[in-house]
Structure formats: structure tokens, C-alpha cells
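For reference, the structure is listed below as C-alpha cells.
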Amino acid sequence: VDFAALFAAGPIGSIVTDRDDVILQVNDAFLAWTGYAAERLIGLPLTRLMPVGDRILFSTRTAPLLALAGRADDVALAVLDPDRRSLPAWLAASSVDGPAGLTVYTIGPRRERSDEERQLISAVHRAEDSDDRRRQAESSLERLAGHDELTGLLNRRGMLESVGTGSAGRAGLLAVLAIGIDHLRVVNESLGREAGDEVLVTVAGRLNRVAEEIVSNGGNDVVVARAGGDEFVVVLGARADGGAGPVGDSVRVDPAAVADRLVALVAEPMVIEGLEIVVTASVGLAAAATGIPLASGIADSGVESLLRGAGTAMHEAKATGRARWKPFTAVSDDSVIDEIRLLGEIRTAIATEQLRLEYQPQLDVARDRLHGFEALIRWDHPDRGPVQPSGFIDVAERSGMIGQVGAWACRSAIEHGRALNEAAGGRRVQMSVNISARQLSDDGFAESVAEMLRASAFDPSLLTLEITETGLVTDADDARANLARLSALGVRLSIDDFGTGHAGFAYLKDFPVDEFKIDRSFVSGLDESAEDTAIVESCVRLGRALGIDVVAEGVETAGQLERLTALGCDLVQGYLYARPLSAEAALALVLAE
Ligand code: C2E
Ligand code: CA
Ligand code: CA
């Protein structure tokens, strides 16, 4: 029998993918239905054929199901045709056991059901359910895609993109202003949410007005965005024509004058639902060294660090009485520091003990007791003060220096883990350490951890290594060997920022995973977003099904905690319970338990 010909001629659309969900084969029925040519599809990830909302649902629901049970059916989704139009589709899939990890999908058109049919088949409830979730996922992804629905301004992501590609990015950044509306909550509570929304829309209009003034006066590039909630951002670029000429010449607007103008303009009375009210704004200003063109690689971090600075300054403005602006005063700007110099400084930091660890507690809610700690690195820089890991871990990773930094962190965490367990007098206190992909691909890694465990006589099963999904996907062979070795010792493996990678969960079959850490971005959406709630829920379920612990990170509110416990997630970590603590404070916490 010529199976290849039979496959090609099969009556329903069929696709075969490999273990990474990359399309290997596609049959004629599928091509005829969608209008693709086979060459265009082969080699593409299957998810590329789905609208973004379906991609998320596919990777959080269908893919894990397939990895576990080997099959999935009755999945309602849409397939994009070559013109990116959505075709409603049904999908079923089964995986073939074997080294290639092949999966065969049948995908065919989906009819909308009549009302009677709907009533009849309440058993197929799942389908509607997933349609609904898809719609929700899609609408929030539209937002992710760049715009704020309410005000029509760019959102945070849209702003970052626009700054990266626009002349503000090319000509050099001048300043970032973070604008927080004071007491918006009071407006919401006393006049209602619609009134609050109206305030935001009015403020957005005023910010646009300021932007127009700047553009017409100075020709500087301006980006206005709503950063979320009651926060707006104005990014000032150097002159829009690229700022040729001396630096001073390209600066036609004075950021301080813009800050003055913003504070004054927001504070002008506005009429909301027939009432004249006055709202004020607190503004933080972070200015960059002008005339420095941002190399493409650091364009983002340039804006990001200015954003952070402006945010800090805005909080200061709020703290010192609101309705005013404050400049951000920092010794120097992270992004401008020469990477080479930073590397030298990291080397000194290790040698001269400028590094230290903080320990953030993890709580077992069901048992109402301390579960353990996550060790987080800190750098007390002699001139620059505390440097957050985001300011140097990347650089250390790119240079390979992470090997030394990571080894230091691991050893210190194990040593303190032992002290904590001694203080706990028989109760077990887990210790988690972050490991970067770079470390895992070093073939001596497992052995060095084993050596540290021996040196401190630390029970390996009290040590958890946190690794991101991407860490498991790249350099998989070395990682596999290291993790197999560590797992044999009893060391636990945790997937950090779970749900954010697009790894498709196939690695769950290959690696001895003991724990998921649900990313803060999903946890923080628990209060308001159905999509985030659905994602958290499916992570918890997946953990349950596989006997894997699930830790929610970044738990900040009682509402989130309540949702999490309701969903069956018992391990939590976050500011609600505790910030990262000094070694002494962590010890005191254990003693007090
Ligand atoms: P991560 O592993 O995702 O660590 C969690 C981060 O979230 C920590 O930031 C923590 O302070 C913060 N966090 C915890 N609870 C909350 C909360 O309720 N709200 C908010 N907003 N944040 C919360 P941190 O300490 O700045 O660390 C940032 C990242 O740096 C870590 O992300 C980790 O990827 C990396 N990192 C930290 N220490 C090490 C280390 O020793 N080695 C390596 N390779 N990476 C490290
Ligand atoms: Ca972590
Ligand atoms: Ca994390």
C-alpha cells in the first residue's frame, strides 16, 4: 500500500508535525480548503497558522494535553488562510510514540451551530467555552498589540515599539516623563468608573495637546502613551529631523518646561458628568544624556531605564505632596554604562564581596506554614549603590561571567539554606536558586553543584534550581545531561516564568520537572483578566495531573491569593507575604515560625 499517496488523498485536512510542532507534511484536502501551497507550510510551526488568541490557548491547553495523553480532540479554533482571514476549524490530534515525536492533526471546517443544536449538545460545552476564551484572549491581545482601547493612545508596548523604530529612537532620547493621575480611585469610587474613564480620556487629550505644541515649536519627536491604570508616559526624542548638528542645537524643548506645562494643564478644571472637577497629576522626569544615538541593541534598555527612573521620580512627586513634578537624580544611567567596564566591575564585585543574596519567603497556604525561600542576587555597588539583577545578569550572561556569579550564588544559597534548616529544628525549609541557561550548558555544572552540596552537607532534596523554559530548549543536550545528573542526586528542578516561553511543553517529557512557577504577569491579571485566570487555572491543572508543585509568584493582593487558593494553588510567593529579606531577616523568620 502506498501510504504516502493515501495520506495525500485523505478526505479531511491532515498535517503531520515533529516534536517541536513544525509542519512536516500536509495533505491535499487541507491545501484545497485553505488555499495554501504545500511549500509555504512545510517547515512552519503549526501555531503560525492560528490567530494569536488561539496560539495561547493551543500552547497552554492542547499542547500539554497532547504531551500527556498523546491525543486531543474537539478543539475549536481558527486557521488563517494565506490572506490572514480566519477560517473556523475543528482540530483533533494524536501523537505517535517514538523518537521523532510525530503528531498527526486532522483539521477541518467548523460550521456554526443552530440554536437547537446548541441546546442539544450541551455535552460539547467545551467548544463554546473555548470559543469564548479565545475571544477574550484575542481582545486582550489586541491591546497587547499596541493600543489602549479607552484613550486610543499607544499602550506601553506600542510606545516601546514606536520609540524603538521612530526618530526618537534613532536621533537619541531626550527625556521620559511618567505622569500619574492623583486620586483617580477617589473619582472612581465617588462618581463611578465611567467618570474615571472620562477623566483618563480627558487627560489623554490634554497630553496630546502638549505633544502637538512641542512638535510645532521645536520639531522634537514626542510619543504619548497610557502605561496602564492611572499612568501615562510622554517620551521626548531629540529633534525629529535626526538632530544633525551640535548636541545643544538638537534640543529645542526643555524637558523641565514640558513637565511644568503637563502639571499645569492636567490641573485645569474639567467637566465630568456635568460636574466641574479638578484632578492633578504627579510627574516624574528622567532625562538622558542627549545626542547619544542609541545602538539598536540597547535602544530598548535605554528607554526602559529612563522609564524606571521617571517612575521612581513620579512616586517621589506623589510622596512629597502630589500635583508637582520631580526629576530623577541618579549617579548614572545603567544603559549608558560601558558593558566592558561593567564586566570588570562584576569581576571585582565577586572578589570583594559586593554581592549578596536576599531570600524571598514562599508560603504553603494550605498548611499555613513557611515552605522555603528563593535566593535573589543583589549587588551593593560602592559608587552606584544597590544594582538590581536586571541591571547586570544579562551582561553577565552575554559574557559568560554568569558562570562565576551563578556559582557564587549557588554556594551562598546552599550555605545559608543549611543554616536555615538547622534553625528550623527538623522542619524542612526549601532553598531555590536561579540558574541561567548558560550555566546549564557548561558540562561541569552538575558536578560543581554536587560538590557544593557535599561541602555544606546539604540535603539535595532541599535544593531547587529555577530555570526558564527557554533555558531547557536551547542547548538541550548539555542541559539534559546536567539535569539528569542533578535529578539523580535528588536536586529539584523548577520551571521559572512558566507559561511565558513558547516551548510548547514538550520538554516536560524530557526533563525531570518538580515545580512550575507561574509568572507574575499571569498572577497579576487574576483580579481582572479572564484570560490570565484561564492560564493560571490550566497551569495548576497541568501541575496536578503531573504531580508537579505549582508556585505562584508575584502575589501582591489578597484578591489574587483568594483566587489562587480557590484554583488549588497552595504555594505562593510575593510582596503580599514578604519582600525579599536579608539573610538575617530570613533566619529570624524561620526562628519565629
Ligand atoms: P525571577 O526569578 O522571576 O525572580 C522574581 C522577581 O520578582 C524578583 O526580582 C523578586 O524580587 C520579584 N518579586 C517577587 N515578588 C514580587 C511581587 O509581589 N511583586 C513584584 N512586582 N515583584 C516581585 P529581582 O530580585 O529583581 O530578580 C529579577 C530576576 O533576576 C529574577 O527573576 C531572576 O531571573 C534574575 N536573578 C536573580 N538572582 C539571580 C541569580 O542568582 N542568578 C541568576 N541567573 N539570575 C538571577
Ligand atoms: Ca526565579
Ligand atoms: Ca520568575
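Read-outs: derived from the displayed coordinates by stated rules, not from any lab. This structure is a prediction, so every number in the text was calculated from the model and none was measured. Positions of Cβ are backbone-derived with ideal geometry, glycine not excepted, and every protein chain shown enters the neighbour counts.
Peptides 412-421, 95-104 ranked from most to least packed by the mean count of surrounding Cβ atoms within 10 Å: 412-421, 95-104.
How much FRET efficiency would the formula 1/(1 + (r/R0)^6) give for L68 and T500, where r is the Cβ-Cβ distance and R0 is 25 Å, rounded to 0.05? Please list the in-between numbers first.
Numbers: r = 20 Å, r/R0 = 0.81.
So the FRET efficiency works out to roughly 0.80.
Label-to-label distance for V201 and E528 is 1.7 nm, based on points extended 7 Å past Cα in the beta-carbon direction. Stretching the chain fully between E451 and D383 yields a gain of 21.0 nm (0.36 nm per residue, less the alpha carbon separation).
For the Cα trace of the stretch 37-76, dividing Rg by the Kirkwood Rh returns an Rg/Rh value of 1.03.
Given R₀ = 41 Å, what would the calculated FRET efficiency be for E39 paired with S399, taking r from the Cβ atoms and rounding to 0.05?
Working from the Cβ atoms, E equals 0.50.
This ranking places R308, R411, R384 by how few other beta-carbon atoms lie within 10 Å of each, fewest first, which gives R384, R411, R308.
Sorting R438, R193 by the number of Cβ atoms found within 10 Å of their own Cβ, with the fewest placed first, yields R193, R438.
For the pair T352 and I12 in one chain, pulling the backbone fully straight at 0.36 nm per residue adds 115.7 nm over the alpha carbon distance. Expressed as a fraction of 2.2 N^0.38 Å, the C-alpha radius of gyration for the stretch 438-593 is 1.11.
In plain terms, the C-alpha convex hull of the stretch 340-384 casts an average shadow of 4.1 nm² when viewed from every direction.
Taking 28 Å as the straight-line reach from the Cα of K509, the lysines in range (excluding those fewer than 8 positions away in the same chain) are K517.
Going from the fewest other Cβ atoms within 10 Å to the most, the residues S59, S94 appear in the order S94, S59. Normalising by residue count, the stretch 415-479 has a Cα convex hull of 78 Å³ per residue.
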